[in-house]
Amino acid sequence: MGPTWDEDMQIPETAKDLSNAIKVLMKKYRIDTFEEEFAVLAKSVGASDHSLKRGDYNPVVLLEEGRKDDYKRFMKGLENLDKKYDFQDFHDQCVHLRSEFDRERKGYLYDNILLGCAPMAFFFPPAIADQFFLEWLDGVVEQEFVKRQSSVLLEYENLQGETICLEVRHKEDELTEEYIDCRPIDRLVGELPYDSFVVRHFWNEESGWVPVPIHLIKTYAVQQ
């Protein structure tokens, strides 16, 4: 039996709307309490605070260590939590919202580049696909600057849904004893994977390093 959809659930128009919708679902399904109980369960079989904070704890390690009984206890406890908080229902609704949000953005640059590499790209995990796209886009920006001293115009949708046109160019990191100017580290915005967006900074002559959500870049064009 599938999830019961809220009749007033609207497809988010912006990334901010998507995040707000996920927060509403988190409150409805008491996900904060779910996470607290999950942490207690995981720690009871030896999970570290560090692995829980990163979100990469894998109970398979229990089997690798020969702790079959602990593995069974963990999985039974997880099954009980799933039922208690209707987590599958929560997950299905979040996936639905993100899928519909992304469907409205078919044809954006990210999808076009990955489609151009099909079928290989369809087997990429999300993090690998993101890195593949970033390396491609960085390569375009650097190549145009090095070969022709040209910049690249990015048209993208920001998290508030506004369309921005930003002229960017390649910029080498500057490291001296007195001065450091480097591209800021990529960051992930959002509450959960359902509303997360990778934000990459690009150099603009007037504004400096500007954050751009890579999945929301519509088009690019080389400036002559």
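The values are calculated or read from the model by the stated rules, or taken from the named source; none is laboratory data. Computed from a predicted model, the values in this text were never measured in an experiment. With ideal geometry, Cβ positions are generated from the backbone for all residues, glycine too; neighbour counts draw on all protein chains shown.
Among the residues of segment 170-195 satisfying the criterion of being of a type in the set (Asp, Glu) and in contact (Cβ under 8 Å) with a residue 24 or more places away in the chain, which is nearest to residue 139 (Cα to Cα)? If you could, list the steps in order and put the result at the bottom.
Within segment 170-195, the subset of a type in the set (Asp, Glu) is 172-174, 177-178, 181, 186, 191, 195.
This time we only want the ones that are in contact (Cβ under 8 Å) with a residue 24 or more places away in the chain, so: 186, 191, 195.
Working: 186: 17, 191: 30, 195: 27 Å.
Checking each candidate, the answer is 186.
Looking at (1) over 20 Å from residue 91 (Cα atoms); (2) surrounded by 15 or more Cβ atoms within 10 Å (Cβ to Cβ), which one does residue 29 not meet, given that it meets all the others? If we test residue 29 against (1) over 20 Å from residue 91 (Cα atoms); (2) surrounded by 15 or more Cβ atoms within 10 Å (Cβ to Cβ), just (1) comes out false. Answer yes if at least one residue in segment 56-73 is under 25 Å from residue 213 (Cα atoms) and either assigned by TED's automatic domain parsing to the domain that holds residue 194 or among the acidic types (Asp, Glu) (or both), and no otherwise. So far as segment 56-73 goes, yes, one or more of its residues are under 25 Å from residue 213 (Cα atoms) and either assigned by TED's automatic domain parsing to the domain that holds residue 194 or among the acidic types (Asp, Glu) (or both). Taking the listed residues 142, 155, 167, 135, the one that is within 20 Å of residue 209 (Cβ to Cβ) and without any contact (Cβ under 8 Å) to a residue 24 or more places away in the chain is 135, with no other qualifying.
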